[in-house]
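In what follows, a single structure is set out as structure tokens and then discussed.
Just so you know, all these numbers are worked out from the coordinates, no wet-lab data involved. All of these numbers come straight from a predicted model, not from anything done at the bench. A quick note on method: Cβ atoms are made from the backbone with ideal geometry, for glycine too, and the neighbour counts reach across all protein chains shown.
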Amino acid sequence: MNDLVPTGFIGVWQRISMEAKGRPADITTQAYWIQTSALQADMRVPAGRPDFSGKASLAEYSVDDLLWLARQQGIAGMTLAGGELVHRRRQIDYQPTRGRDNTHRMHFEGELLVDENLQGSVVEKWRRLAGAEGGVITLRLLEEAEADGRIVPRKGYLLVVSDYFLFVRDRPEFTRQAASLEDLFEAQDLECEEMVPFLDCEFSFGRRSGGAQPWIIELSTLPYREGKALFSPGQFEALRAGGNALVQRGRGRNGLITRRWSIHEWTEPATA
């Protein structure tokens with residue numbers, strides 16, 4: 001497979017069901033997926049999330065809180081297609097499942113996009129969000145620098161389709177290989193402060209202009225990010241070319257940061 005994704009698959013999708021053999025159908029997980037011609041990102045937050053209001057960082061979460069966050073899922077990376085087969089690379093993975101095959105068969109049933117693994121044991125159905133057709137912007141994070149100039153080795157993506165975005169920021173170091181974060185934590189018997197670096201992986205979904213404020217984050221694997229803006233007013237418009245990249249200056253967890261982004265695709269004017 002080395003083709004671009006078929007045009008009909010490009011857009012912003014919300015999952016309405018997942019059926020897996022031997023398990024009840026899942027219709028409650030909040031799952032969103034943005035697909036462009038060559039890049040994709042999706043995130044899944046299970047139902048029943050505890051109330052994390054008032055907690056401003058992962059450092060304030062209890063062991064039980066962190067174990068709950070470990071159930072979330074998200075992947076991002078390149079996409080290759082060939083007919084109905086689509087391979088989504090796990091270049092960023094919220095779970096420690098790098099290298100696992102991610103080739104699926106996809107087709108339409110009416111307006112629903114059906115995503116089925118090759119064994120036919122897992123079938124997901126997705127519905128395109130209203131207004132999720134239009135301009136596409138995809139940026140790839142080249143590097144992130146702290147205020148002291150230290151370079152943080154981190155991957156990241158920003159995918160924008162029409163009014164929707166999905167921002168992905170990887171943890172600075174790879175997780176150890178394991179079946180899941182829950183398994184990894186239980187096997188290592190980790191304390192809270194040891195869990196936090198594994199969970200410092202952001203998948204944030206939101207709206208550019210259709211929310212309560214521009215670039216509002218509506219759902220995130222980091223709950224304290226919800227309700228906040230991905231970009232401050234004018235910050236996205238102020239991105240400037242520097243060394244064949246877009247340069248973003250802002251505030252991170254440890255103070256001021258500078259991010260350099262490469263443009264992968266931009267099919268609309270550079271306005272929010």
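Overview of results
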| read-out | value |
| --- | --- |
| Protection proxy ranking, peptides 115-125, 27-37, average beta carbon neighbours within 10 Å, highest first | 27-37, 115-125 |
| Relative contact order computed over the chain (Cα-Cα under 8 Å; 6+ residues apart), in percent | 18 percent |
| Sparse-neighbourhood loop sites, trypsin sites (Lys or Arg not before Pro) in segment 172-213 - DSSP loop, at most 16 other Cβ within 10 angstrom | R176 |
| Cα principal axis extents for the chain, largest first, Å | 51, 49, 35 |
| Charge dipole magnitude, Cβ of K and R +1, D and E -1 - the chain, Cα centre, debye nearest 20 | 640 debye |
| Stokes-Einstein D in µm²/s, Kirkwood radius over Cα pairs - segment 7-128 at 25 °C with 0.890 mPa s viscosity | 156 µm²/s |
| Distant alpha-carbon pairs in segment 146-260 (separation over 19 angstrom), percent | 55 percent |
| Using alpha carbons only: equivalent-ellipsoid semi-axes of segment 48-92, gyration tensor based, whole Å | 35, 11, 9 |
| Largest-first ellipsoid semi-axes for segment 105-209, taking √(5λ) over the Cα gyration tensor eigenvalues, angstrom | 31, 24, 11 |
| Proximal charge balance of P50 [Cβ under 14 Å; K/R count +1, D/E count -1] | -2 |
| For segment 116-121, 3J(HN,Hα) per residue [Karplus equation, 6.51 cos²θ - 1.76 cosθ + 1.60, θ = phi - 60°, Hz, x = Gly/Pro] | 10, 6, 5, 7, x, 8 |
| Close Lys-Lys pairs in the chain, where close means Cα under 28 Å and separation is 8 or more or interchain | 4 |
| Listed residue (T138, M195, F167) projecting farthest to the positive dipole end of the chain, Cβ model | T138 |
